[in-house]
Amino acid sequence: MGIDYNLIGERIKEARKNKGYTQEKLAEEIDVAVAYVSRLEKGFPINLKRIAQISQVLDISIEYLLSGTVPKSDNYLNKDFEEILERCSPEKLKLIYNIAKTIVNQPEEENMDEDIFEETNDKSQEKQIKKYNDLNGFRFVEKLKKKN
C-alpha cells in the first residue's frame, strides 16, 4: 500500500481552512513558497519534516495527515469496525456480538490483555480464541457457552 499524497493534500487543505489560514499564511508559517503549499494540496509528494511542521502549525496530528485517523479520539476505530462488519456473514456477526458483549460485561480486572487479539484474517480467529483460552484458563469461552 503506497502513500496517497492526494489524500494527504486534501487533509492539509481541510485543516488549513478549519484553522482559518490562507495558503499564503501557511506558506509563511512553514517558510515555503505559496506555490509549494498549492502543490501539496493537489497531491505533490511531501517529506516528513514538512508534515511535522504543518501538523504543528495547524494543530493536527501527524497520524491524521497520513492516515485520516485520530487515535486520541474515542471513536477512531468506528470506521474500521464498520468496514469489517459489512464483510461478515450473519453467523460471524452473532459471534462478534457475543464476544464483544462478554468482554464489555466483564469486571475491569478480568478484562483480557490488549495484546491477545491481533489484527488477523478470518482463518486465524479460532487460533486467537484458543490462545486466549490457554492464557486465561477457559473463563472466556465458558462464559460465552453459558450465554448461548
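The values are calculated or read from the model by the stated rules, or taken from the named source; none is laboratory data. Because the structure is a prediction, the values reported are computed rather than measured. Every residue, glycine among them, receives a Cβ derived from its backbone with ideal geometry; neighbour counts consider all protein chains shown.
Within the range 24-58, the set of residues being buried (at least 19 other Cβ atoms within 10 Å of the Cβ) and more than 19 Å from G68 (Cβ to Cβ) comprises L26, V37. Report, ordered by the first and then the second residue, all pairs with beta carbons closer than 9 Å, sequence separation of six or more or different chains, a first member in the range 54-82 that is of a type in the set (F, W, Y), and a second member that is assigned to a helix (DSSP H, G or I) and at pLDDT below 70. Close Cβ pairs satisfying both conditions: none exist.
With respect to the stated conditions, E109 fails to be more than 23 Å from D4 (Cα to Cα), modelled with pLDDT of 90 or more and assigned to a helix (DSSP H, G or I). Scanning the range 1-23 for residues that are farther than 13 Å from V57 by Cα and surrounded by fewer than 17 Cβ atoms within 10 Å (Cβ to Cβ) yields M1, G2, I3, D4, Y5, N6, L7, E10, E14. L77 meets each of the listed conditions (1) at pLDDT 90 or above; (2) surrounded by fewer than 15 Cβ atoms within 10 Å (Cβ to Cβ) apart from (1). Take P90 and tell me if it is modelled with pLDDT of 90 or more and surrounded by fewer than 14 Cβ atoms within 10 Å (Cβ to Cβ). Against the criterion (modelled with pLDDT of 90 or more and surrounded by fewer than 14 Cβ atoms within 10 Å (Cβ to Cβ)), P90 qualifies. When the range 1-53 is filtered for residues that are in contact (Cβ under 8 Å) with a residue 40 or more places away in the chain and of a type in the set (K, R), the ones remaining, listed by number, are R11, R16, K19.
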